[in-house]
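Single-structure report; data block below.
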Amino acid sequence: MSRHFSAGKRQREQAQARKKREKAERRARKRDEPREEMPMATVEEIAGGLPSVEEAMAGIEAGHIPREAEPLPARLFVGGLSRSTDQESLGEMFSQYGPVLDAFIVTDRDTGDSRGFGFVTMKDRKDASRAIEELNDAELDGRSIMVNVATERQR
């Protein structure tokens, strides 16, 4: 018994060619359709009633607008921690240099033991940079710690 598969192959090729033609026709129709006009926003809508630079500077000089901005927080990486170091003592050490928002020591998922590193979030970047300068290579619970700005983990 001899079977010929050419009829099935021919049908598949025709179906493939038909789909290709239909796709080209859809693209052509879409190209020929008029595009919608994008709504344009005015400067007033974007600015939302914000004062101009001149108005803001005049307000600062007159004392109506405070010059200080809210401090930007900074997250610090702390490595080389002792297993006996807890979050409270870590936070206390960094609080000498400015307000600490949180201190967190990373623990092993299975055992709950410290993995030897943690993170401290300080309220102000200026305080954080001073803490890095002073505490990098400092000693905490008998271990020399490493302090850097925390970076996003690459996956």
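Check which residues have an amide H placed less than 5 Å from Val106's amide H, if you skip close sequence neighbours.
The answer is Arg115, Phe117, Gly118, Phe119.
Arranged by the count of other C-beta atoms within 10 angstrom, fewest first, what order do Thr85, Thr151, Thr107 take? Could the numbers behind the result be given before it?
Values: Thr85 22, Thr151 8, Thr107 12.
Ordered by Cβ neighbours within 10 Å, fewest first: Thr151, Thr107, Thr85.
Taking amide H positions as placed 1.01 Å from N in the peptide plane, with prolines and chain starts having none, which residues 5 or more places from Ala150, or on another chain, fall under 5 Å of its amide H?
Amide H to amide H, under 5 Å and 5 or more residues apart or across chains, Ala150 pairs with Arg75, Leu76, Phe77.
Using mean Cβ contacts within 10 Å as the protection proxy, how do 52-58, 137-143 order, highest first? Could you put the intermediate results ahead of the total?
Working: 52-58: 10.6, 137-143: 12.9.
Going from most to least packed, we get 137-143, 52-58.
Every number in this text was worked out from the coordinates using simple rules, so none of it is lab data. Nothing here was measured: the structure is a model prediction, and the numbers come from that model. Don't worry about glycine lacking a Cβ; one is built from the backbone with ideal geometry, like all the others, and counts go over all protein chains shown.
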